[in-house]
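As structure tokens, the structure follows; a few thoughts come after it.
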Amino acid sequence: MKRQTHLILALVVVLTMPLLMHSGSLASEVLIYGLAAMGCNLLLGFTGLLSFGQGIFFGLGSYTLALTLTRWPLPMPLALILATVMGALGAAIVGWVVIRQKGTYFVMLTLAFAQMFYFIAYTATGLTGGDNGLMDIPRPSITALGRTLWPLTSPWQFYGFVAAIFMAAFWLLLKVSRSTFGRTLLAVRDNEERAAAIGYNLKLLKLQAFVISGAVTGLAGALHAMMTGIAPLSNAEYHTSEMILVMTVIGGTGNLFASVLGSAFYLLLADWLSTLWPRWLLLLGLVLIAISLWMQRGLWGLGETLWSLVRGKRTRATDKAIEKLVVAASPSGGNGEQA
Amino acid sequence: MSTPILLEAIGIKKYYGKFAALGGVDLKVRANTVHSVIGPNGAGKTTLFHMLTGTKTVSAGRIVFDGHDVTHIPDHRRVQRGIARSFQVTSLFLSLSVRENLRLAAQGIAPTRAMNCWHEPEGPRSCAETVASVLARLGLESFASVPAGNLSHGQQRRLEVGMALAARPKAIFLDEPTSGMGIDDLEDMKSFIRSLRDEHTVVLIEHNMNIVMDISDTVTVMQQGRVLAEGLPHEIRSDNRVRAAYLGNMITGGKA
């Protein structure tokens, strides 16, 4: 039972969002960026790689889906698979280069690739539509033998579709994180030097992590393009990379479900703040500062601390964490419950 | 001692720019012995150690291990040949449990398993027997579930050696395994290292003469990137060149 906790938590989120939220698009977006943040978490939280290049794979997914559905009308499921493969392929190419460096230079390399990809997308107007992006992406229904099984016209219908894909991807990623591979990634995260000394090929491990991360991010990008009906240049922009990274950190690293929390928190907060003040990103900055200073384990860490408090299992570590929380509570605690 | 030669280094040189850290070192290590390499700071002990374990590449020379030329094989692949090492500065997976540390080390001899994205490390994939036997040998059974970062310094030093042991290597390379240890832990570590040679070959880099003299079968003394002398511990102790080189506290057994 305990092993399935995360899967159940994810299912609870998927099932309760339609009950609590008005906008099916916003709910879909939470799951879509949740996927992207999980891909980022696999690199950051499990492997210890800070990648600013996630927007490349997100953008690749968006463009691939847009092109396959508009220019070479392929069946929609096939277009999604192709977008996933393109995300993986992009990550394999980027990963192959960037894993040659560590630390600062690794981060700089991912940044350089993100910038390059943006300008390529901007310049290659024939393929990407440049500044305008690709528009009028259809959202075909799911059909079998000429009969419509699942129309995706309304936002909530589309949400159901995204939710099914999300749960499948979540289950798969959970399996990867618990596999021999996932457990070895933690060793790489903790101590690269030792991991190499006991026989592991760091480059191969990191490359595989990149490919899986790119695949799920590409899938997220494709779903995003389907949702909005456009594949805009902004999906390939540096800002998308940054947003995915911020969601991952807010949720908490090293835990896949935390990424869903991060995505939900970010998007719901943004949705709410943007109605209050056009300069809402500034307020988001404050939240990020609070998390960096007092809540480095993210929302998941906060949840764990509160949970142990409820169960009376107070340890010295949680006591310390709670002390810090009291300070941090004002800017982030109250809003966190919305997620 | 006339066991076969397990490791042979021939004319190992290492340059950093124009500086020769190693100026042509020959070394023969016999199987199932404790072979110590000693020398003052800057003698090239650790550089030699890095050459032998493959952490860094040689500028010239050859390394033959167990009948294979391993000179150009990177460190992570030398593990599969039967070479394992411990670090001078404790280097563990601090957030992972003691058991998981050892499991990862045991799994390292079949690293393709690490690419398995589907199966959890259970059953035959868990290396449970190796992990259990190393835990028992280290006396850390009751700490198996504790994160390595929460162990005491002495326990971490023991786990550090255990990480090498878990790969069930032919040869274990230990880089100052007693560094920073208290007197009580020191004796334990000495008898522990001594016991390793029943199943393994031990190459020991040490600064502390006392430890080396008690537990070594062969001692190689290095100075300024070259081998100064080699022999049985008592021969080394009475060797005039060594005495001349180390006259003073090290050879007489003062605290090094």
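The values are calculated or read from the model by the stated rules, or taken from the named source; none is laboratory data. Since the model is a prediction, treat every value here as computed from it, not as a measurement. Neighbour counts are summed over all protein chains in view; Cβ atoms, including those assigned to glycine, are modelled from backbone coordinates with ideal geometry.
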Apart from one, (1) within 12 Å of another protein chain (Cβ to nearest Cβ); (2) in contact with a helix residue (DSSP H, G or I) (Cβ under 8 Å, 6 or more places away or on another chain) all hold for residue B:58; the odd one out is (1)
Looking at region A:121-142, is at least one residue farther than 25 Å from residue A:240 by Cα, free of Cβ contacts under 8 Å to residues at least 24 places away in the same chain and not hydrophobic (A, V, I, L, M, F, W, C)? yes
More than 7 Å from chain A (Cβ to nearest Cβ), within 19 Å of residue B:175 (Cα to Cα) and not polar (S, T, N, Q): which single residue out of B:105, B:110, B:84 fits that description? B:84
Can you confirm whether residue A:184 is more than 14 Å from chain B (Cβ to nearest Cβ) and under 22 Å from the mean Cα position of the chain (by Cα)? no
Does any residue of region A:256-275 turn out to be over 30 Å from residue A:8 (Cβ atoms) and among the aliphatic types (A, V, I, L, M)? yes
Subset of region B:143-193 (residues that are of a type in the set (A, V, I, L, M, F, W, C), more than 22 Å from residue B:34 (Cα to Cα) and surrounded by fewer than 18 Cβ atoms within 10 Å (Cβ to Cβ)): B:144, B:146
Regarding residue A:196, is this residue modelled with pLDDT under 95 and crowded, with 19+ Cβ neighbours inside 10 Å? yes
For region A:133-162, which positions are out of contact with any Ser or Thr (no Cβ under 8 Å at 6 or more places or on another chain) and assigned to a helix (DSSP H, G or I)? A:156, A:157, A:160, A:161
Listed residues A:259, A:241, A:263; which is farther than 13 Å from residue A:32 by Cα, touching a residue at least 12 places away in the same chain (Cβ under 8 Å) and buried (at least 24 other Cβ atoms within 10 Å of the Cβ)? A:241
Output the residues belonging to region A:203-230 that are in contact with a helix residue (DSSP H, G or I) (Cβ under 6 Å, 6 or more places away or on another chain), surrounded by fewer than 24 Cβ atoms within 10 Å (Cβ to Cβ) and closer than 15 Å to residue A:76 by Cα. A:227
Could you list, in sequence order, the residues of region B:195-213 that are out of contact with any Asp or Glu (no Cβ under 8 Å at 6 or more places or on another chain) and within 16 Å of residue B:32 (Cα to Cα)? B:195, B:196, B:198, B:199, B:200, B:201, B:202, B:203, B:204
Looking at region B:107-128 only, could you name the residues that are more than 21 Å from residue B:197 (Cβ to Cβ) and within 23 Å of the chain's Cα centre (by Cα)? B:107, B:108, B:110, B:111, B:127
Considering only region B:168-207, state which residues are in a helix (DSSP H, G or I), hydrophobic (A, V, I, L, M, F, W, C) and touching a residue at least 12 places away in the same chain (Cβ under 8 Å). B:186, B:189, B:192, B:193, B:196
For region A:241-262, give me each residue that is assigned to a helix (DSSP H, G or I) and either acidic (Asp, Glu) or over 10 Å from the mean Cα position of the chain (by Cα) (or both). A:242, A:249, A:250, A:251, A:257, A:258, A:261
Considering each of B:3, B:53, B:47 in turn, give the residue that is within 14 Å of chain A (Cβ to nearest Cβ) and among the polar types (S, T, N, Q). B:53
Is it true that some residue in region A:160-177 is in contact with a helix residue (DSSP H, G or I) (Cβ under 8 Å, 6 or more places away or on another chain) and at the interface with chain B (Cβ under 7 Å from one of its Cβ atoms)? yes
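Conditions (1) among the aliphatic types (A, V, I, L, M); (2) at negative phi, marked per residue:
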residue	(1), (2)
A:129	no, no
A:136	no, no
A:151	no, yes
A:165	yes, yes
A:173	yes, yes
A:176	yes, yes
A:179	no, yes
A:191	no, yes
List the pairs whose first member sits in region A:266-295 and is among the small types (Gly, Ala, Ser), whose second member is assigned to a helix (DSSP H, G or I) and surrounded by 13 or more Cβ atoms within 10 Å (Cβ to Cβ), and whose Cβ atoms are under 8 Å apart, counting only residues at least 6 apart or on separate chains? A:270/A:280; A:270/A:284; A:274/A:280; A:290/A:328; A:290/A:331; A:290/A:332; A:292/A:249
Kindly indicate the residue of region B:87-102 that is of a type in the set (A, V, I, L, M, F, W, C) and either crowded, with 22+ Cβ neighbours inside 10 Å or under 23 Å from residue B:51 (Cα atoms) (or both) and also nearest to the other protein chains (Cβ to nearest Cβ) among those meeting that condition. B:93
Taking region A:65-108 and the residues there that are touching a strand residue (DSSP E or B) at 6+ places or on another chain (Cβ under 9 Å) and either among the small types (Gly, Ala, Ser) or surrounded by 24 or more Cβ atoms within 10 Å (Cβ to Cβ) (or both), the one that is nearest to residue A:34 (Cα to Cα) would be A:65
Could you tell me which residue of region B:194-204 is surrounded by the fewest Cβ atoms within 10 Å (Cβ to Cβ), considering only residues that are within 16 Å of residue B:158 (Cα to Cα) and of a type outside the set (D, E, K, R)? B:195
So is residue A:196 part of a helix (DSSP H, G or I), among the hydrophobic types (A, V, I, L, M, F, W, C), over 20 Å from residue A:81 (Cα atoms) and within 14 Å of another protein chain (Cβ to nearest Cβ) or not? yes
